[in-house]
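The values are calculated or read from the model by the stated rules, or taken from the named source; none is laboratory data. Keep in mind that what you see is a predicted model, and the values were worked out from it rather than measured. Heads up, the Cβs are rebuilt from the backbone with ideal geometry, glycines too, and the neighbour counts pull from every protein chain shown. Side chains included, ligands, DNA and RNA excluded: accessible areas come from the protein's heavy atoms. Shrake-Rupley method; radii C 1.70, N 1.55, O 1.52, S 1.80 Å.
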Amino acid sequence: MTLSSRSILSLRRGISYAPRSTTRLSRSIRFNSTSTPPSLPKSNNLSTAWYALSLALFAGAGYLIGNVGVLPPSTSLVDSSFAIAHQLANQPKYGSHKDYQDAIKELYEFFKEKGQEDRVSTDDDDLRSHGISDWSYHPAKKPTVVVWVKSTEEVQRVVKIAQKYKVPITPFSGGTSLEGHFSSPFGGISLDVSLMDKIIRVSESDGDVVVQPGVKWEDLNAYLAKEGVPLFFPLDPGPGATIGGMVGTGCSGTNAVRYGTAKAEWFLNLTVVLPSGEVIKTRQRARKSAAGWDTTKLFVGAEGTLGIVTEATLRLAPLLPTKCAVVNFPGVEEAVQAATEVVNAGFPVQCVEYLDSRTIDAINKGGMVKKAYPPADTLFFKFQGSDSAMSEVSKNVLSVVKKHGGKNFEFSKNDEEARSLWEGRKAALWSVLALKDGAKVWTTDVCVPISRLPRLVRETAEDFEKRGITACHFGHVGDGNVHSLALFTNDEELAVVEHAVHEMVERAIRLDGTCTGEHGVGVGKIGYLPLELGDGTVNLMETVKRTLDPHNLLNPGKIYPNIKPQHQ
């Protein structure tokens, strides 16, 4: 007979609380505010009882240790050493090939009833574009079917069909992620929410907006400007990123030094379809709430593994006048020291971007900007505030950067000059690609405490040079986030780049940093989480995942290194 932890708990309760047998009839009693619960009995055999309990605990622990592969993975938080071994021995299993086909058939029939069966596709081009990214070089696989949805109710129906047949779901929106987030390693359903692109309501007086997950942040800000709303959404990841993906990866961008990341208060609430098919709204629309712990944050950065976001209320920020500045430095150390002092001095800094000398050289050669920049390590600043305040700001910033060897300081006098100065930062990615004919680029990011950024950039650049890799390094120096772009033209060079990126990530972790500042985990960074976070934290996340999604149906193969599903 199996003696589980639950049976041990029952035995303990029985020893402590069970009344001695009586001759009265046994019946269930519900104790409430008007009934009197039984008092604790006085036992004359306490030592005997505790002896029995100790024996049971000893026997149960021995049984569990010897049979780690017998019980299903627990949704209770237990010691990580046991839980991880337990998980590795008891992986979730998906449906059979027939189950997958039956699920597709039911999906097709559901949309056919709507006269929109073309929103279910098994066309190979659709499968490839929804599983394999041209910007990611991690192992990637296609889904079995692509389904385009337009409403929360449709998402809910798809989730319930997936539950019925044990078919995994991979959410898809903008397809701009870089770490293999929308790869479908176990096939299944690619749930495309890009048609859910409505801006539902704007409240200028409350400073918020309700949107669907397929809305792109650039389109949202363009809409607000067109409608004359003097507000904007400040999170600015890569072009084409959608609100759903931004929630999933916990994104940020160039504005993070002033406005923070997605894990700040920019998402006031989310409507989410849980793995069970139930629809929840994480909180109301108030700017702040102390009503329990923040369930919104549970889904921010979870990469669609805990629920599928179908609506979001976003907090907006005032749209302020912006000025830009550009200044060159002898090296990365001086640039970072200057940036840190400018930020800490309290100047109204919106962005502080660092570009190394090779990136600047690439921008000059790329021909995408109107002016040439001195080929040196460079800082690009954005400042916010009134025109009257900017003159004083420019003088004070100039005095700071001069102390750190800054030269060729330019400060924009108007909006047109600001756009012209910022052109170089916007052109960085495409200019780097032009450094090597026929090259592809591996893009990755890490983040470290700001004081350790110079060492990270210096050691990474030296390592890439030793390996013969053409690479550029730039990023959001105001918060220690660096992006490295490594070029390659064939599989041999790709293998060298992969090893160099691996060392870069581990270097960042050794410097008390993270394997990703804003790109997310996906399949590309999943192996680094135990090193960065420790087994205990990883086990906590995996326990939450097992509790909410016991069949591991939502975006499998991401974030949780020890949950490795199997096909039947």
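Kindly list the number of the only condition in (1) open to solvent by 10 Å² or more (accessible area, probe 1.4 Å); (2) more than 30 Å from Glu423 (Cα to Cα); (3) not β-branched (Val, Ile, Thr) that fails for Pro239. Tallying (1) open to solvent by 10 Å² or more (accessible area, probe 1.4 Å); (2) more than 30 Å from Glu423 (Cα to Cα); (3) not β-branched (Val, Ile, Thr), Pro239 fails exactly one: (2). In the range 405-427, the count of residues that are farther than 22 Å from Val342 by Cβ and touching a residue at least 24 places away in the same chain (Cβ under 8 Å) is one or more.
Which one of Leu224, Leu195 is more than 29 Å from Val159 (Cβ to Cβ) and hydrophobic (A, V, I, L, M, F, W, C)?
Numbers: Leu195 fails: more than 29 Å from Val159 (Cβ to Cβ).
Just one listed residue meets the conditions, Leu224.
Taken as a whole, the condition of being over 21 Å from His473 (Cβ atoms) and open to solvent by 10 Å² or more (accessible area, probe 1.4 Å) does not apply to Val343.
Whether any residue in the range 401-415 is open to solvent by less than 10 Å² (accessible area, probe 1.4 Å) and in contact with an Asp or Glu (Cβ under 9 Å, 6 or more places away or on another chain) is what I want to check. The answer is yes, given that some residue of the range 401-415 is open to solvent by less than 10 Å² (accessible area, probe 1.4 Å) and in contact with an Asp or Glu (Cβ under 9 Å, 6 or more places away or on another chain). When Gly480 is tested against (1) free of Cβ contacts under 8 Å to residues at least 40 places away in the same chain; (2) surrounded by fewer than 22 Cβ atoms within 10 Å (Cβ to Cβ); (3) not hydroxyl-bearing (Ser, Thr, Tyr), only condition (2) is not met.
Scanning the range 262-284 for residues being at pLDDT 95 or above and either open to solvent by 40 Å² or more (accessible area, probe 1.4 Å) or not assigned by the TED database to the domain that holds Val211 (or both) gives a total of 6.
Output yes when any residue across the range 484-492 is part of a helix (DSSP H, G or I) and open to solvent by less than 20 Å² (accessible area, probe 1.4 Å), and no when none is. Looking for residues that are part of a helix (DSSP H, G or I) and open to solvent by less than 20 Å² (accessible area, probe 1.4 Å), one finds none in the range 484-492, hence no. In the range 211-231, which residues are over 22 Å from the mean Cα position of the chain (by Cα) and either among the aliphatic types (A, V, I, L, M) or surrounded by 20 or more Cβ atoms within 10 Å (Cβ to Cβ) (or both)? Result: Ala222, Leu224, Ala225, Val229, Leu231. Only one of the numbered conditions (1) over 26 Å from Leu274 (Cα atoms); (2) touching a Pro at 6+ places or on another chain (Cβ under 6 Å); (3) among the acidic types (Asp, Glu) is violated by Glu493, and that is (2).
Is it true that Phe474 is aromatic (Phe, Trp, Tyr), open to solvent by 10 Å² or more (accessible area, probe 1.4 Å) and not assigned by the TED database to the domain that holds Leu306? Step through it out loud before you land on a result.
On the way: aromatic (Phe, Trp, Tyr): yes; open to solvent by 10 Å² or more (accessible area, probe 1.4 Å): yes; not assigned by the TED database to the domain that holds Leu306: yes.
Yes.
Residues Leu314, Leu306: which one is assigned to a loop (DSSP other than H, G, I, E, B) and either of a type in the set (Lys, Arg) or within 26 Å of Val211 (Cα to Cα) (or both)?
Numbers: Leu314 fails: assigned to a loop (DSSP other than H, G, I, E, B).
The unique qualifying residue is Leu306.
Taking the conditions (1) under 25 Å from the mean Cα position of the chain (by Cα); (2) open to solvent by 30 Å² or more (accessible area, probe 1.4 Å); (3) charged (D, E, K, R) in turn, Glu154 satisfies each one other than (2). Here is the figure for the range 157-210: residues that are in a helix (DSSP H, G or I) and either open to solvent by 50 Å² or more (accessible area, probe 1.4 Å) or assigned by the TED database to the domain that holds Leu231 (or both) total 3.
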